[in-house]
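J.: A single structure is presented below for examination.
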Amino acid sequence: MFRLLGEYLYLMLETFKRPDKGPVFRRQLLVEFIGLGVDSIGIVAIISVFTGAIVAIQTAYNIDSPLIPLTMVGFTTRQMMILEFSPTIISLILAGKVGSRIASEIGTMRVTEQIDALCVMGVNPANYLILPKITASILFNPVLIIFSIVVGIWGGWIACIVTNLVTSADYIAGIRSWFEPFTVTYAMIKTVVFAFIISSVSGFLGYNVDGGSVEVGRASTKAVVASSILIIFFDLILTQLLLV
């Protein structure tokens with residue numbers, strides 16, 4: 001474990017060196033924005049809208065007491081989307097989609113000796129391959145999470161209107177009630193940390209693949225599992241530090 005941690009830290013030191021050519025880095029960054037960010041908008045939208053609808057419906061069905069106002073449906077949906085679902089669950093989904101892509105892409109370059117070719121040409125392969133992915137994830141994942149929050153709250157509103165469980169006025173009043181701006185800050189802090197975990201851990205496991213195509217597949221699986229475990233672990237730590 002300590003050996004892996006040391007190798008990971010050493011690779012990160014190599015990754016975060018100043019890029020040799022700025023235009024090349026910027027071009028790679030734009031490619032990663034599309035591959036890691038824009039291509040994930042669809043799955044984030046579908047999952048968020050249905051989850052927001054489910055949270056709203058379940059909350060409405062569980063309000064049995066007349067003393068509890070129906071505005072709590074909108075409030076609960078908003079809090080669930082901001083505090084936990086969008087930053088954490090969406091990050092877990094991105095760990096499966098984005099993490100496996102990063103690990104398999106870099107792992108394939110390793111087994112086909114493309115990384116060795118970069119070394120021969122005097123290029124820092126860690127900096128060239130991993131840094132754009134980490135930067136793109138850190139910059140674009142907060143956009144995805146904000147998009148997820150908005151779409152999830154909108155999905156809850158649609159569900160309330162269609163099922164006629166809560167009026168539109170009550171739901172919107174709940175969304176606007178007892179809002180604390182720090183909850184959004186908390187969600188963005190978690191998102192940035194999770195984005196770094198997904199991209200760096202997946203890049204590390206793909207970079208250190210040793211073998212053939214079978215090992216590339218194993219590295220992709222390990223990347224998803226390791227990223228998911230670390231996301232849950234740091235979710236607990238950040239919640240304890242920021243909210244308690």
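J.: Of the residues Ala95, Ala53, which single one is under 16 Å from Thr167 (Cα atoms) and surrounded by 20 or more Cβ atoms within 10 Å (Cβ to Cβ)?
T.: Matching residue, one of Ala95, Ala53: Ala53.
J.: Hey, Asp235 hits all of (1) in contact (Cβ under 8 Å) with a residue 40 or more places away in the chain; (2) closer than 19 Å to Met12 by Cβ but one; which does it fall short on?
T.: Looking at each condition in turn, Asp235 falls short on (2).
J.: Whether any residue in the range 28-37 is over 30 Å from Glu84 (Cβ atoms), in contact with a helix residue (DSSP H, G or I) (Cβ under 9 Å, 6 or more places away or on another chain) and without any contact (Cβ under 8 Å) to a residue 12 or more places away in the chain is what I want to check.
T.: Looking through the range 28-37, at least one residue is over 30 Å from Glu84 (Cβ atoms), in contact with a helix residue (DSSP H, G or I) (Cβ under 9 Å, 6 or more places away or on another chain) and without any contact (Cβ under 8 Å) to a residue 12 or more places away in the chain.
J.: Has the range 189-200 got any residue that is touching a Lys or Arg at 6+ places or on another chain (Cβ under 9 Å), assigned to a helix (DSSP H, G or I) and within 30 Å of Met12 (Cα to Cα)?
T.: So far as the range 189-200 goes, yes, one or more of its residues are touching a Lys or Arg at 6+ places or on another chain (Cβ under 9 Å), assigned to a helix (DSSP H, G or I) and within 30 Å of Met12 (Cα to Cα).
J.: I need every pair where a residue in the range 102-124 that is under 11 Å from Gly203 (Cα atoms) has its Cβ under 7 Å from the Cβ of a residue that is in a loop (DSSP other than H, G, I, E, B), sequence separation at least 6 or different chains.
T.: Gly107/Val209
J.: How many residues, within the range 226-236, are in contact with a helix residue (DSSP H, G or I) (Cβ under 9 Å, 6 or more places away or on another chain) and either more than 10 Å from Val201 (Cα to Cα) or of a type in the set (D, E, K, R) (or both)?
T.: Taking the range 226-236 and keeping what is in contact with a helix residue (DSSP H, G or I) (Cβ under 9 Å, 6 or more places away or on another chain), we get 226-228, 230-232, 234-235.
Within this subset, residues satisfying the condition of being either more than 10 Å from Val201 (Cα to Cα) or of a type in the set (D, E, K, R) (or both) are 228, 231-232, 234-235.
Residues meeting the conditions: 5.
J.: How many residues does the range 226-244 contain that are under 16 Å from the mean Cα position of the chain (by Cα) and surrounded by 15 or more Cβ atoms within 10 Å (Cβ to Cβ)?
T.: Of the residues in the range 226-244, 8 are under 16 Å from the mean Cα position of the chain (by Cα) and surrounded by 15 or more Cβ atoms within 10 Å (Cβ to Cβ).
J.: Give Val24, Val44, Val31 a once-over and let me know the one that is closer than 26 Å to Ser148 by Cβ and modelled with pLDDT under 90.
T.: Numbers: Val24 fails: closer than 26 Å to Ser148 by Cβ; Val44 fails: modelled with pLDDT under 90.
Matching residue, one of Val24, Val44, Val31: Val31.
J.: On the given criteria, is Val209 in a loop (DSSP other than H, G, I, E, B), touching a residue at least 40 places away in the same chain (Cβ under 8 Å) and farther than 19 Å from Thr51 by Cα?
T.: Taking the combined requirement at face value, the residue satisfies it.
J.: Let me ask something else about it. Where residues in the range 56-80 are without any contact (Cβ under 8 Å) to a residue 24 or more places away in the chain and buried (at least 16 other Cβ atoms within 10 Å of the Cβ), which of them is nearest to Gly155 (Cα to Cα)? Lay out the reasoning, then the answer.
T.: As a first pass, look at the range 56-80 and keep what is without any contact (Cβ under 8 Å) to a residue 24 or more places away in the chain: 58-59, 62-68.
Subset that is buried (at least 16 other Cβ atoms within 10 Å of the Cβ): 59, 63.
Values: Thr59: 14, Ile63: 19 Å.
Checked the range 56-80; the qualifying residue nearest to Gly155 (Cα to Cα) is Thr59.
J.: Still on this structure, I have one more. Output the number of the condition that Tyr207 fails; it satisfies all remaining conditions of (1) aromatic (Phe, Trp, Tyr); (2) crowded, with 23+ Cβ neighbours inside 10 Å; (3) more than 21 Å from the chain's Cα centre (by Cα).
T.: Going through (1) aromatic (Phe, Trp, Tyr); (2) crowded, with 23+ Cβ neighbours inside 10 Å; (3) more than 21 Å from the chain's Cα centre (by Cα) one by one, Tyr207 breaks only (3).
J.: Could you check, for the range 214-225, whether at least one of its residues is basic (Lys, Arg), surrounded by 17 or more Cβ atoms within 10 Å (Cβ to Cβ), under 30 Å from Gln114 (Cβ atoms) and at pLDDT 90 or above?
T.: Keep residues of the range 214-225 that are basic (Lys, Arg), which gives 218, 222.
If we keep only those that are surrounded by 17 or more Cβ atoms within 10 Å (Cβ to Cβ) as well, we get 222.
Next, only the ones that are under 30 Å from Gln114 (Cβ atoms) stay: 222.
Add one more test, that the residue is at pLDDT 90 or above, and what stays is 222.
Checked against the condition, which is being basic (Lys, Arg), surrounded by 17 or more Cβ atoms within 10 Å (Cβ to Cβ), under 30 Å from Gln114 (Cβ atoms) and at pLDDT 90 or above, the range 214-225 yields at least one hit.
J.: Hey, can you tell me all the residues within the range 174-190 that are farther than 15 Å from Leu243 by Cβ and buried (at least 16 other Cβ atoms within 10 Å of the Cβ)?
T.: Listed by number, the residues that qualify are Gly174, Ile175.
J.: Among the residues of the range 3-47 satisfying the criterion of being charged (D, E, K, R) and assigned to a helix (DSSP H, G or I), which is farthest from the chain's Cα centre (by Cα)?
T.: Of all residues in the range 3-47, those charged (D, E, K, R) come to 3, 7, 14, 17-18, 20-21, 26-27, 32, 39.
Narrowing the set further to residues that are assigned to a helix (DSSP H, G or I) leaves 3, 7, 14, 26-27, 32, 39.
Working: Arg3: 27, Glu7: 24, Glu14: 24, Arg26: 22, Arg27: 23, Glu32: 14, Asp39: 13 Å.
So, considering only residues that are charged (D, E, K, R) and assigned to a helix (DSSP H, G or I), the one farthest from the chain's Cα centre (by Cα) is Arg3.
The values are calculated or read from the model by the stated rules, or taken from the named source; none is laboratory data. Note that the coordinates shown come from a computational prediction; the quantities given were computed from them, not determined experimentally. Cβ: placed from backbone, ideal geometry, glycine included. Neighbour counts: every protein chain shown.
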